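J.: Provided herewith is a single structure, encoded as structure tokens, for subsequent inquiry.
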């Protein structure tokens, strides 16, 4: 027995619990803490480090959490959006874990002999065989196909586990959707505590997707003081704080705690239809009078968009219907960037696009060629869309909240907080986790 063990008892293996709060802004949480709405989180902040960080470009949860898992940007892990495309033959598809080309850190933890539990992280479907337990999140539909090992499904089904709240309910009844969100949140907490208590683990990750959902559909209600939904919104976050309180009671002093989000949120002023703009400017044409998707693009088109703000040049030799010559490529990008940066809301005179990046300015990984040629970053409040059936550039939609790039957050207990000095964005968090177990 070593000297430290002789005096202090047998050394314990280092453990870490990570709670992902999807789409929760640093500035919003800070306001709740200052107003006394989240007393547990406030007490945690006094015991650790709580800092603002950036998301990813483009600012989409599927990209952000893939970057969290791999420590790579989109050009390093090959997931660029909620919808991606293959250029020739042209095909739109929803990327899943099968499209991820960089290894998630659960492999590294497994090689270190660490057992992991992952619950509900987006784009972890289909689940992989890992040293531990995997419960896939967003994009999974059938729980029996969403877990590893397979026998864990029966336990979750018996508990009434919910993979994700059904967002279509919000369009029919916001009251019913609020109940759906609260039910999903309760089931997530219940499942987390069961697995936390009953399973063997070194790394435990529970992802709360419901925060992203409530922010999308009730953010303006919260900001504008809706007579019913404002209080329901704050109550939802109080429930999360209560969950953190229960969590703390179940953890010993030797277990680390990290809480983080993948992007910020703000109220939507207007939706911006970039494919409509490209069509009006003469860059995009359709082969039919009533296009159903961008697949109906005509071969004479010069550019098209996928959300949010990703613009592809219809380049010869790359795209199935390519029309833009290699000699025209760079000048066309410059032209599009200049025009996009000049876009204004005619009603208010406000600028719509904050910045436009060429792909090589953002990415440098092995899958750079799959990236959009330009990525437009909007001014907060202008939500970039890519529908093909819209008849105007700007309009108000049903969804109230949109993602923002520079307002994510990360918190970590005192034990390893010095590593957070190196965190600029969610891409950097993987190294903090691995260093925690190496330290």
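Readers should treat all values here as calculations from the given coordinates under stated rules, not as data from a laboratory. Because the structure is predicted, anything quoted here is derived from the model rather than measured. Neighbour counts run over all protein chains shown; Cβ positions are idealised from the backbone, glycine included.
J.: May I ask you to sort 272, 228 by Cβ crowding, counting other Cβ atoms within 10 Å and putting the fewest first?
T.: Starting with the residue having the fewest Cβ neighbours, the order is 228, 272.
J.: So how tilted is helix 229-250 from the main axis of the chain? Cα-based, degrees 0 to 90, rounded to 10.
T.: For 229-250 against the chain, the angle is about 40 degrees.
J.: Compute the helix-to-body angle for 429-438: its Cα long axis versus the longest principal axis of the chain, expressed 0 to 90° and rounded to tens.
T.: Computed tilt is about 30 degrees.
J.: Against the longest alpha carbon principal axis of the chain, how many degrees, from 0 to 90 and to the nearest 10, is the axis of helix 326-341 turned?
T.: Once rounded, the angle reads 70 degrees.
J.: Shifting gears a bit: Give me 250, 55 sorted ascending by neighbouring Cβ count inside 10 Å, so fewest comes first.
T.: Ranked by crowding around the Cβ, least crowded first: 250, 55.
J.: Assuming R0 = 41 Å, can you tell me the calculated FRET efficiency for the pair residue 396 and residue 141, based on Cβ-Cβ distance, to the nearest 0.05?
T.: 0.85
J.: Could you work out the relative contact order of the chain, using alpha carbon pairs under 8 angstrom and six or more residues apart, expressed as a whole percent?
T.: Relative contact order comes out at 27 percent.
J.: Sticking with this one: Fully extended, how many nm does the chain gain between residue 223 and residue 235 (0.36 nm per residue separation, minus their Cα-Cα distance)?
T.: The span from residue 223 to residue 235 would gain 2.9 nm if fully extended.
J.: Residue separation times 0.36 nm, minus the C-alpha to C-alpha distance between residue 151 and residue 129: what's the value?
T.: 6.6 nm
J.: How would you rank 433, 353, going from fewest to most other Cβ atoms within 10 Å of each one's own Cβ?
T.: Ascending number of Cβ neighbours within 10 Å: 353, 433.
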